[in-house]
Each structure stands twice: as structure tokens, then as C-alpha cells.
Amino acid sequence: MQGYQFHFIPNTHWDREWLYDFQETRLFLVEFLDKLLDLLTNHPEYKSYLLDSQTIPIEDYLAVRPERAETLREQVKAKRLLIGPWYTLPEEHLVNGESLVRNLLIGHQIADAYGGVMKVGYSPFSYGQASQMPQIYQGFGIDTILFYHGITPDESRSEFIFEGADGSQLFASRMGSFARYNFFFNVYRPLIYGKKIQQRGYQWTEGGLPFHLCSEAHYQDHHFLLDPVKQFHENRLAELMAQFKKIESEHAASSHIACMQGMDSTQPDVLEIDTVVKADQVLKGDKIFHSSLPEWIEAARAAIPREKLTVLKGERRTPRNLGTRVHLYGDVTSARTSLKRKNALAEIELQRKAEPFAVLAHLTGAEYPLASLTMAWKYLLQCHPHDSIAGTGVDQIEKDMHYRLDQSRNIAAAVARRALQSLQMQIDHSQVKNDEVVLTVFNPSPYPRSEVVSAVVDLPLKNLRGQYGIYDAVTGEALAFQEQCRYEHPAVVRHLGDATMEMQVLRCHLHLPLPKVPALGYRSFIVRPQDTIERKDGSLCTAANFMENAHLAVMINGDGTLDITHKESGQTFKGLHYFEDAGEAGHAWRHVPPAFDRVLTTLGSSARIERLQSGPYLSQYAVTHVLHVPEHLVEGQGDVVRRLDAEGDDAGRSEQTAAVTIYSVLTLRQSDRGVEVQTTIHNTCRDHRLRVLFPTLLAGATHSCAEEPYDVVERSIDRGPDSPWRSTWNPTHPHQRFIDVSDGQIGLAILNDGLREYEVSDDAARTIALTLLRAFSVSLTTVAWRWERHPEMKLSQMPGVHTFRYSIYPHSGDWDRGQVMPQAERFVVGLEVAQAGPHAGRLPQIMSFFHLDPVDLQLSAVKRPEDGQGVLVRIYNPSGRDLQGKLICHQPPLRLTRTTLEEKSVDDQALKWVGKEIIFDAGAKKIITLKIEFAG
């Protein structure tokens, strides 16, 4: 019988920023890669090194060491330095599906430019695996995945099959006992440094030249060992390898064992070469050799009959025992929530506005702004490393992320505006009079939209005869509207060929009920000066503290809660939208309630209720709460480490309180099927969690449904004896744009544009809780089983003013039949309104470029393909039903291809087109990418 084959795989886990800010970490990276490249150059027996499956370290390094580009390229080409497939290492549940795809696409491009991409799904960075990762990886020709968060040894041996939402399967591994650092901790560290995994203490007398800046400006900096003491304890090697073999053989499904040599930010060392040589000498009947991740995977896969592997289906979010409770470190979903919302807004503005509008402009003759869009994408993806987007690091990272997200959003806005300008110049408005104003409404969604849109229009005072009317540019039909206010304003007018000018205008704030704005297209209206203005009488406010339209009736109760009646079903949801404030004794990764908590709610309080607007197309109320919240956590007599590890504490909340103001604006439009809420919080306290709650009272609901990347996942609400969450507090979960609870007959969805954490209570109320903010003190696991605390860092406490936006959407049936996904699309991806003057052009006054049918299918991207030819449209089917899709183009395609996510052509016999219509199969949970080329 062949003995065990130990594959020695040197690696590092490189956080771009976490314990230190990016610039400090980059200088560590320079030192690390300098040493690694020298080691690879001078020691050919050091076979290969795994650079943590990302490529951004290459960019960061070469920005400082451009002269080493060729050396680096040589090592990548020789497959001694393994890079990619990712650009950055994302937290999968905190970014959307398109961001995951583009992260891999850019990662592939950079890796290919330097010699080749490692086609292995090395994913040990996310707190659980998204349900569509098998399909995403397969879209890049990757048929493996390695991870350890979200799976336990109870579920399978180390190797298994991970089956995704659509049925795609990957050969998977959790990499044995200690995952990505099993050999480092079990063999190498005790061999070289004489310390076991839990020995994390250091004594000054150990030497190694400790260095520490101790001025008042730097005394909190870490101590650094400039000349660490290393000793090769060869006499221990046989024992260490025997122990390692015993441990790993209990996990592995084959005789091929991955020896993962490295951990967070560790550097390679020439002593690793001797370690492998000496270890091989002490093994009896087994072999250890310098290998690589791809080689180990192929050997392990070939040695295990596929039918012997356990198949694990769906998202992997199994918690493990952490302290006295099970957990997944998944509460990063509520750390620094304002940052997460800004990221979500940046994703939408880039993916669903800038890129698609740039494509439409390019189809009409404009230059495609590839360099600007690439820059915006990189700024965005540089915010997606797991510790960055999770909000687990030092405060400087949050400051840097705000800058990067601002840059991405600024570029996206500038690109989108120029694209719409280009389209506007092509639309024929030559018949419009000089004293009239054109309003063009642009629709970024792939289906027609009819809804009330708010716009602020500048009417030239010089041409105004006192009043005005709005008319459809094609039919001439008058458009009724609601004017909120008007005032004189000096508008700035400029172009780059002359001095900046000023125009006196009447600025009018309007609510416009727009009919059928074409899919991924536009519709034109004319604002015409006239002697009279036709106002539509009536109001959606039909009683005190009450709003209603054809779909909903909304009563605002004295404590600010809402009773919402869904008219189609007659169901009334009572007591919706109250706030709960509880103590926070945990950290970024984990919410821990203090032992002596004092939980406050707004139920039964006296809210201030104000009517802000009352009209036939839009009505609005404001509800203000003032909560007197304990100012901070009060530490008990217990051990702080035990508290942070959630192993029990005696902490409480201070007797001193401060006022936290919560101001919610409730909006109902004529055509809305949900109530829009914008809540602004002025946070003056520390160490607390603030949530907004919606009791559904749907006791028959068994699951919550939540949008995740390219999917809608079901999660059990009740925690029975077989639930992995049975030994903890009721768990929170990640989501994208909505959460839904339904009993099959009626449902309630909460939509939002950037909050990422929810909970559904496991009692009869089935209350949806949406986390608005979680204020905590920065505590870092710099030293394992200890906590480095930074009370001087205040941004994690989320001080000041924060605004969040969400919608309450009751519906019939479940999320699918209730059209929750299209409703989320309308809520998150708004129409764009532009005003312009008359101009001749060749495009009609109403036009659709791409129309997707049915509305059950969702649009992920409209972009230029990487080869520059045609248009790439990415669509996905989040439902569990097989659908036939139809995409109607603005003109007949010249060529049509289905591609992988990597944009490689694939054969699809079911794909066809007739005239302007493309017909394709969209299987349940499938992602479809179409490359369309047009004449000219």
C-alpha cells in the first residue's frame, strides 16, 4: 500500500489592509516580495509559492518596485509564483454578483499579463460561501474550490463536492485540520521557533532585537523583531511529523495531504527547504515534497472516487463552536453600515448606470470610455477585500475606503452624464421651439417602467409667460403633474470654449407620473410656456396621519408604527416600523449582548408626526423619535477577553443617557406598491445596536428568503434540534436588496439600497429586524486568543449623522409570485431625468435599445466585451423555474454568441434570433452571458 504523500505548499494570506493601513501594509508587502523573488531566483529547489489567489499585490508592489517587473513575470511564467484568479479577495456576501465576476475577470487579465493565472478556486477569505460560487467559478474554467469558513468536520471529510444553486459542482476541500496554515502551526512553528499554536507570549529575554517607537505620537505602535531568533529543532521533527500525519489522516479523504505552510502576512524562509528535506528523511513509508496547490488538487482528486465524496448543496454558512455559542464571524454584515451602503450605491451607479449608458452612447457613435470605467472598477474592487468591506480593521481603512468609493462614484457619475449628453445630442428635437424645454427620461432597467418620478427643472425666466405645461413629445398629450415648490435661481451655464455664464431661471420641484418609459431607452417630454397651469386636485392623504393609493392604505399610529393594508389581498400588517436599541459588548465580527443589557424600543412612545407633502402623485410624512440611549458600555469585574470571545461577561450599559434622534420620512406615490422610508439617525452614543423592526405576524412562514449574489436563498426560521444555529442567539444573516417572509398566501418584503444584515424572529410574530447601525469598540485579533483594543478609534462607533433608505412591500404569494425582485429593481435603480434645449438628430424621441422579457429575469451587466467587439449583456434567473428569455434589440444582430463569464464563446443550440428578437433558455438559477454584434 502506498504511503501518504505530503504536498508542501508555501503560501501567505495577505490582507491588503487590516492591522495596519494600506500604505504601511504595502511596505511590508515590498519587503515580503523582495525576499520571495530573491528566494525563487537563488534557490531553484524552492519549487513554487502561492500568492493567496489575488493579483492586486502585484500592482501594489510594482508601483514601488517597477524595476522588478521582469523578474516577477519570469517566475509567474515558470509557475513558481502562482497568482490569481482574483483581483482582490472579497467578502462574498457583502458585494453583489457582478462585482464577484468582474473581480475575477480583472484578476485573470492581470495574471495573464504577467505570465498566467492559477485556475484554482482558492477562497479561504469569505465568512461562508455564496450559493452561486460553483457556477461563477465554472464560468471561468475553474472546477475546484478551497475554503474553511462555513463548513465543519461534522459535515464531511476534508474533500467533498460543493454543489451550487443551479446544480454546478466543484471539487472542494477545507484543507484539513487547520486549513490554510495546518503545516505552519503543527510542524514549522514548533520546529523553527519552538512554540505551539497557542503559545503566543513573548519575553524580552528571548532576544530577536525588539524595536519600538515610544514617543507620544507612536507609543501605541507594535514592537517589531528586527533579527528574530530561529533554531532548527531537528530532534523534534519525527515527533512533529507523526502528530501531523495522525491529525490530518483523520480529515483527509485520500492519501494526498496538503501541507499549507504559511499564515497571515508571513514571509517565506530558506529554512523551509531544509524542513522538507529533513522531514522526508524521518518519514517511514510516506513522502513529503515541495508541491503546489494545483498539483495537490489534481493528485487528491484522482485518488478519490467521485461517488465516495459527500455532496454539500447550497450556500455554505454552517457555524462552529466559538466560546459558549456557535457562530460564523458573520456579524461583519453590520459593522460600519454607512460604508457598506456607500459601496452598494457605488456598485449600482457603475454597473447599472455608467456602463450601460456608455454602451448605448457607443452604439450611436460615441467613444467608449474604457480607461475611465476600468479606473472606476479598480477603485471599487479595492474596497472589496474581506477585511476592508467587512469593516474589521483600523479606522484609517474606513477613511481610505470612503475616498476610493467616492472616486469610483465620481467617475461613474461623470461617465454616465457624458453618455446621456451624447445620446441627447442624437435625439431629434428639431421641432421644439426655442423657448421650450425638453425633458428626456432615461430608463436603465431592461423593461418599461411607469412610475412617479421627482425632478427639479430649471425654466428660463426670460421665456416664461407665467406658467407652463408638460406634453408628450410624440403624442402631444398633456402630462398632469404635481408641483411641490418654485423659486428664482441663478443657474450656472458653461462650456469649455468660453467664460462661465449665468442664467436666471424659475426652479420647479415636480412629481411626474411617467407612462411607459421604454426598456434601456428613453422617452421625451416638452415643457411649454403658457398662460395657465393645469393642476390636478386631490391628495393621497385622505385623513389625518393616513395615506393611500390604489394598492396600499397606510395609517401612522401615535408611536410612529405603521398599519399597512395590502388592498389586493385585504391583509393588514400592523405595528410595522418600530425601532429597537440594545447594548453591544462584542466586536466587528460578532454581536455580543452585554449580560446586563437594557433594551429600548419606540413601541408605545409618543412620536412627532408631521405631514410634509400632500398631493395626488406624492404624499409624505415625517416621524421623529428621540431615544434616550445609555451612553456607553460599562465593564464588569469579568475578563475582557472572555467577554469579547462571547464566553460570558458581567458588562452592562451606563446609567448616563444621551438623546439619539431618529427621523424617518415616509413617502407614498400614486403608483407605488410599497412605502418608501428614508431614516436619518443622529448617533451620540457608543456600544449599541440600533435596528428597525417589522412584525409580519405570519406564523405559518417557515423560511425567510433573501437576495444573495445571483440568487434568492431560503433560510429556516425555526431552530430545531437539527439546526446548526440551535446553540446560539437567534442568528443574523446577510442579504443584498431584499428580505422576504411569506406563508405562501401573503408576504412582506423589506427592500433596501445598501444595508446588509437582517434577522427573522423564531416566534409567532416572525418579525423582520433590519440592522441600521452597530457601534462597537475596535478590538483586533492581532494575537490569537487575545484582543488588541483600540478605544481611541472612534469611527467604528458610527458617531454623527447616518441616512438609510428602505421600502416596505406587502404582496400576495411568495417572493417569486409577488414580484419582489422587479420591485427591488425599481426601488434601487432609479430613472434619470435630463433637461435640454432643441436640437436636430437622427434618433427618435422615444426608443428602447434592449428589452428583456419576462420580468422574472434580472439584468446584471450591459458592457463592452473585453475584445472590444459588440455588446455584452449578462442576465440571470434567480427563480427555481426554467424560463425562456427574450431580448429585443434596437436593430437585428449581425452575430450572436453565448459566452462564459470569462467571455469565452460556448456552443448553445437553443440560442437563436429572429429579426430583432433573441430567444434563449434561462434555466433555474442560471447566469446567461450574451455577446451581440451589430452592423456598423
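The values are calculated or read from the model by the stated rules, or taken from the named source; none is laboratory data. From a predicted model like this one, the values you see are computed outputs, not experimental measurements. We place every Cβ from the backbone using ideal geometry, glycine too, and count neighbours over all the protein chains shown. To get the accessible areas, we keep the full protein, side chains included, count just its heavy atoms, and leave off ligands, DNA and RNA. Shrake-Rupley method; radii C 1.70, N 1.55, O 1.52, S 1.80 Å.
Among the residues that make up the stretch 814-828, is at least one of them open to solvent by 10 Å² or more (accessible area, probe 1.4 Å), closer than 29 Å to residue 756 by Cβ and assigned to a strand (DSSP E or B)?
So the first thing to find is which residues in the stretch 814-828 are open to solvent by 10 Å² or more (accessible area, probe 1.4 Å), and the list is 814-817, 819, 823, 826-828.
Still in the running and closer than 29 Å to residue 756 by Cβ: 814-817, 819, 823, 826-828.
Within this subset, residues satisfying the condition of being assigned to a strand (DSSP E or B) are none.
There is no residue in the stretch 814-828 that is open to solvent by 10 Å² or more (accessible area, probe 1.4 Å), closer than 29 Å to residue 756 by Cβ and assigned to a strand (DSSP E or B).
Selection of the stretch 52-84 for residues being open to solvent by 10 Å² or more (accessible area, probe 1.4 Å) and of a type in the set (Gly, Ala, Ser) yields 63, 69, 78.
From the list 49, 87, exactly one residue is aromatic (Phe, Trp, Tyr), within 17 Å of residue 15 (Cα to Cα), over 22 Å from the mean Cα position of the chain (by Cα) and buried (at least 22 other Cβ atoms within 10 Å of the Cβ). Which is it?
Values: 87 fails: over 22 Å from the mean Cα position of the chain (by Cα).
Every option except 49 fails the conditions.
Determine whether residue 461 is crowded, with 17+ Cβ neighbours inside 10 Å and of a type in the set (A, V, I, L, M). The answer is no for residue 461.
Residue 525 - would you say it is of a type outside the set (Val, Ile, Thr), within 36 Å of the chain's Cα centre (by Cα) and modelled with pLDDT of 95 or more? Spelling it out, it is not the case that residue 525 is of a type outside the set (Val, Ile, Thr), within 36 Å of the chain's Cα centre (by Cα) and modelled with pLDDT of 95 or more. Among the residues of the stretch 896-936, write down those that are among the charged types (D, E, K, R) and modelled with pLDDT of 95 or more. Within the stretch 896-936, 898, 902, 903, 904, 916, 917, 921, 925, 926, 931, 933 qualify.
For the stretch 754-768, a residue qualifies if it is among the acidic types (Asp, Glu) and open to solvent by 10 Å² or more (accessible area, probe 1.4 Å), and the qualifying residues are 759, 762, 763.
Quickly run through the stretch 9-33 and pick out the residues that are of a type outside the set (A, V, I, L, M) and outside any helix (DSSP H, G or I). Please lay out each step first, then the result.
At the first step, the residues of the stretch 9-33 found to be of a type outside the set (A, V, I, L, M) are 10-18, 20-26, 28, 31-32.
10, 11, 12, 13, 14, 15, 16, 17, 18, 20, 21 - these are the residues of the stretch 9-33 that are of a type outside the set (A, V, I, L, M) and outside any helix (DSSP H, G or I).
Given (1) in contact with a strand residue (DSSP E or B) (Cβ under 7 Å, 6 or more places away or on another chain); (2) open to solvent by 20 Å² or more (accessible area, probe 1.4 Å); (3) more than 30 Å from residue 803 (Cβ to Cβ), identify the lone condition not met by residue 329. Of (1) in contact with a strand residue (DSSP E or B) (Cβ under 7 Å, 6 or more places away or on another chain); (2) open to solvent by 20 Å² or more (accessible area, probe 1.4 Å); (3) more than 30 Å from residue 803 (Cβ to Cβ), only one is false for residue 329: (3). Of all residues in the stretch 227-239, one or more are crowded, with 19+ Cβ neighbours inside 10 Å and either at pLDDT 95 or above or closer than 27 Å to residue 20 by Cα (or both). Of everything listed in (1) open to solvent by less than 30 Å² (accessible area, probe 1.4 Å); (2) among the acidic types (Asp, Glu); (3) more than 20 Å from residue 838 (Cβ to Cβ), the single unmet condition for residue 548 is (1).
Considering 75, 129, the condition of being in contact with a Ser or Thr (Cβ under 9 Å, 6 or more places away or on another chain), farther than 18 Å from residue 294 by Cα, not acidic (Asp, Glu) and not assigned by the TED database to the domain that holds residue 588 is satisfied by 129 alone. Within the stretch 169-187, the residues that satisfy the criterion of being in contact with a helix residue (DSSP H, G or I) (Cβ under 6 Å, 6 or more places away or on another chain) and either at pLDDT below 95 or not assigned by the TED database to the domain that holds residue 279 (or both) are 176, 177, 178.
Answer yes or no: is there a residue in the stretch 596-616 that is closer than 30 Å to residue 778 by Cα, outside any strand (DSSP E or B) and either touching a helix residue (DSSP H, G or I) at 6+ places or on another chain (Cβ under 7 Å) or among the aliphatic types (A, V, I, L, M) (or both). Yes: the stretch 596-616 contains one or more residues that are closer than 30 Å to residue 778 by Cα, outside any strand (DSSP E or B) and either touching a helix residue (DSSP H, G or I) at 6+ places or on another chain (Cβ under 7 Å) or among the aliphatic types (A, V, I, L, M) (or both).
Can you name the residue in the stretch 473-492 that is touching a residue at least 24 places away in the same chain (Cβ under 8 Å), in a strand (DSSP E or B) and in contact with a Lys or Arg (Cβ under 8 Å, 6 or more places away or on another chain) and, of all such residues, is surrounded by the fewest Cβ atoms within 10 Å (Cβ to Cβ)? It would help to see each step written out before you state the result.
Initial filter on the stretch 473-492 (touching a residue at least 24 places away in the same chain (Cβ under 8 Å)): 473-474, 478-485, 488-489, 491.
If we keep only those that are in a strand (DSSP E or B) too, we end up with 478, 482-485, 488-489, 491.
Narrowing the set further to residues that are in contact with a Lys or Arg (Cβ under 8 Å, 6 or more places away or on another chain) leaves 482-483, 488-489, 491.
On the way: 482: 24, 483: 14, 488: 9, 489: 15, 491: 13.
So, considering only residues that are touching a residue at least 24 places away in the same chain (Cβ under 8 Å), in a strand (DSSP E or B) and in contact with a Lys or Arg (Cβ under 8 Å, 6 or more places away or on another chain), the one surrounded by the fewest Cβ atoms within 10 Å (Cβ to Cβ) is 488.
Looking across 932, 918, one residue alone is without any contact (Cβ under 8 Å) to a residue 40 or more places away in the chain, open to solvent by less than 30 Å² (accessible area, probe 1.4 Å) and within 19 Å of residue 860 (Cα to Cα). It is 918. Here residue 539 clears all of (1) open to solvent by 30 Å² or more (accessible area, probe 1.4 Å); (2) of a type outside the set (A, V, I, L, M, F, W, C); (3) at pLDDT below 95 except the condition numbered (3). Looking at the structure I just gave you, is residue 520 open to solvent by less than 10 Å² (accessible area, probe 1.4 Å), closer than 14 Å to residue 618 by Cα and either touching a strand residue (DSSP E or B) at 6+ places or on another chain (Cβ under 7 Å) or not aliphatic (A, V, I, L, M) (or both)? Against the criterion (open to solvent by less than 10 Å² (accessible area, probe 1.4 Å), closer than 14 Å to residue 618 by Cα and either touching a strand residue (DSSP E or B) at 6+ places or on another chain (Cβ under 7 Å) or not aliphatic (A, V, I, L, M) (or both)), residue 520 does not qualify. Contact map, the stretch 643-670: residues that are farther than 15 Å from residue 584 by Cα and without any contact (Cβ under 8 Å) to a residue 60 or more places away in the chain paired with residues that are part of a loop (DSSP other than H, G, I, E, B) and of a type in the set (A, V, I, L, M), Cβ distance under 7 Å, separation 6+ or inter-chain. No pairs are found. Set side by side, the residues 319, 356 differ, and just one is open to solvent by less than 50 Å² (accessible area, probe 1.4 Å), under 19 Å from residue 444 (Cα atoms), touching a strand residue (DSSP E or B) at 6+ places or on another chain (Cβ under 9 Å) and not aliphatic (A, V, I, L, M), which is 356.
What tally of residues in the stretch 296-350 results from selecting those that are in a helix (DSSP H, G or I) and without any contact (Cβ under 8 Å) to a residue 40 or more places away in the chain?
Our first condition is that a residue be in a helix (DSSP H, G or I); within the stretch 296-350, this holds for 296-303, 306-308, 330-334, 337-350.
In the following step, the residues that additionally are without any contact (Cβ under 8 Å) to a residue 40 or more places away in the chain were identified as 298, 302, 307.
The number of residues fulfilling the criteria is 3.
State whether the residues of the stretch 386-406 include one that is of a type in the set (Gly, Ala, Ser) and over 21 Å from residue 736 (Cβ atoms). Scanning the stretch 386-406 turns up at least one residue that is of a type in the set (Gly, Ala, Ser) and over 21 Å from residue 736 (Cβ atoms).
Would you please list the contacts, defined by Cβ atoms under 6 Å and residues six or more apart or on different chains, that run from a residue in the stretch 896-914 that is outside the structural domain of residue 110 (by the TED database) and more than 14 Å from residue 932 (Cα to Cα) to a residue that is surrounded by fewer than 16 Cβ atoms within 10 Å (Cβ to Cβ) and modelled with pLDDT under 95? Final answer for the pair search is none. Just to be sure before I move on: is residue 105 aliphatic (A, V, I, L, M) and part of a helix (DSSP H, G or I) in the structure I sent? Answer is yes for this residue.
Pairs are defined by a Cβ separation below 7 Å, a sequence spacing of at least 6 or placement on different chains, a first member in the stretch 604-632 that is basic (Lys, Arg), and a second member that is open to solvent by less than 40 Å² (accessible area, probe 1.4 Å) and assigned to a strand (DSSP E or B); the pairs so defined are 608/624; 611/621. Within the stretch 277-289, is even one residue within 24 Å of residue 40 (Cβ to Cβ), hydrophobic (A, V, I, L, M, F, W, C) and open to solvent by 40 Å² or more (accessible area, probe 1.4 Å)? For the stretch 277-289, residues within 24 Å of residue 40 (Cβ to Cβ), hydrophobic (A, V, I, L, M, F, W, C) and open to solvent by 40 Å² or more (accessible area, probe 1.4 Å): present. The set of residues in the stretch 769-809 that are open to solvent by less than 10 Å² (accessible area, probe 1.4 Å), part of a strand (DSSP E or B) and not hydroxyl-bearing (Ser, Thr, Tyr) comprises 769, 770, 772, 773, 774, 775, 778, 780, 804, 808.
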